[in-house]
1. Tell me, which residue of segment 223-243 that is in a helix (DSSP H, G or I) and touching a Pro at 6+ places or on another chain (Cβ under 8 Å) is farthest from H268 (Cα to Cα)?
2. Looking at segment 208-219 only, could you name the residues that are within 14 Å of ligand 1 (Cβ to nearest atom) and either surrounded by fewer than 23 Cβ atoms within 10 Å (Cβ to Cβ) or farther than 17 Å from E234 by Cα (or both)?
3. Scan segment 106-127 for residues that are crowded, with 16+ Cβ neighbours inside 10 Å and either more than 16 Å from ligand 2 (Cβ to nearest atom) or assigned to a helix (DSSP H, G or I) (or both) and jot them down.
4. Name every residue in segment 75-112 that is at pLDDT below 95 and either within 15 Å of ligand 1 (Cβ to nearest atom) or closer than 19 Å to E144 by Cα (or both), in order of residue number.
5. Considering only segment 242-265, I want to know if a residue exists there that is within 28 Å of L47 (Cα to Cα) and exposed (fewer than 14 other Cβ atoms within 10 Å of the Cβ).
6. Among the residues of segment 162-185 satisfying the criterion of being of a type in the set (V, I, T) and over 11 Å from the mean Cα position of the chain (by Cα), which is farthest from L222 (Cα to Cα)?
7. Would you confirm, using the coordinates I've provided, whether L46 is farther than 14 Å from P134 by Cα, aliphatic (A, V, I, L, M), away from ligand 2 (no atom under 16 Å from the Cβ) and modelled with pLDDT of 95 or more?
8. Quick one: how many residues across segment 27-51 are closer than 22 Å to H225 by Cβ, away from ligand 1 (no atom under 16 Å from the Cβ) and buried (at least 24 other Cβ atoms within 10 Å of the Cβ)?
Amino acid sequence: MQGWCGTISIDPFVRPWSARLHRSMQIRVLGCSGSIAAGSRTTSFLLDDNVLIDAGTGVGDLTLDELARIDHILVTHSHLDHVLAIGLLADSVSRRRQAACRPPVVVHALAETIAALHAHIFNGVIWPDFTQLPDRQHPVLRFEAIEVGQQLELGRRRVEVLPACHTVPAVGFAVNAAPGAWVFTGDTGPNAALWQRLRSLPVATLVIETAFRNDEATLAELSRHLCPAQLERELSQLPAPAEVFITHIKPGEVDAVMSEIGAHASRHRIRALAADQLMTLAD
Ligand SMILES: [Zn+2]
Ligand SMILES: [Zn+2]
């Protein structure tokens, strides 16, 4: 391991029960709501104990020890509900990671997303630039650009960057697993490129957004999100039946949206995603 202090040491952050021993991966849903309210937290998933997928308000439920173990943050896009915990996490873990000679937390995002984070959040006005702090040689954050189609190797985990179609440059992610991948669409409207890719990628679990009810279809279209009617058209393009979990529903709208989704027969098993839900994936 390459650490800040340039020494090789036993990694004190690796938990003894790590999923590595069991050859399985675990995804913990930290937040899956389209906005905040008591009990509603915005998008974030924890892959095993050291990879975050998006950094919404759900990250705030992690203990300081859990936060300090995170080495990678995969970011779907620049919207606040997906990124606001990056800077807060950096502030929280800086001392612990520095004391343990941990390398910077790597934030993986599209180049456009990185530019937006630099310009609008880590700009010294909204928040300090943690890619330069606590000092330039040993920052707590490091940004790394990704591209659609790229396969990220994160330890033994392989994550593919998927296309998304949103109001800002955006991606989804597929965590490679057997017998099929765990796929997260990110925020997206109708997304032909995604279905084209998934025709040759076996999908076991699909986490897909449905941000609005059908009577807000115009708003969904303008904001490049999905409503239940559009979701049905999208899911009809997924070739094989899958476990489908709906995410990004606004607080107070879950029953209405799920009832509109349930009104249509589907060959997929469709349920609402829930915060604190654990999903185990075979390696
Ligand atoms: Zn968004
Ligand atoms: Zn969002």
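The values are calculated or read from the model by the stated rules, or taken from the named source; none is laboratory data. Because the structure is a prediction, the values reported are computed rather than measured. For neighbour counting, all protein chains shown are included, and Cβ atoms are generated from backbone atoms with ideal geometry for every residue, glycine included.
1. Q230
2. Of everything in segment 208-219, just one residue is within 14 Å of ligand 1 (Cβ to nearest atom) and either surrounded by fewer than 23 Cβ atoms within 10 Å (Cβ to Cβ) or farther than 17 Å from E234 by Cα (or both), namely L219.
3. Selection gives V106, V107, H108, T113, I114, A116, L117, F122, W127.
4. Those that are at pLDDT below 95 and either within 15 Å of ligand 1 (Cβ to nearest atom) or closer than 19 Å to E144 by Cα (or both): none in segment 75-112.
5. Scanning segment 242-265 turns up at least one residue that is within 28 Å of L47 (Cα to Cα) and exposed (fewer than 14 other Cβ atoms within 10 Å of the Cβ).
6. Among those that are of a type in the set (V, I, T) and over 11 Å from the mean Cα position of the chain (by Cα), it is V168.
7. The answer is yes for L46.
8. So the answer is 1.
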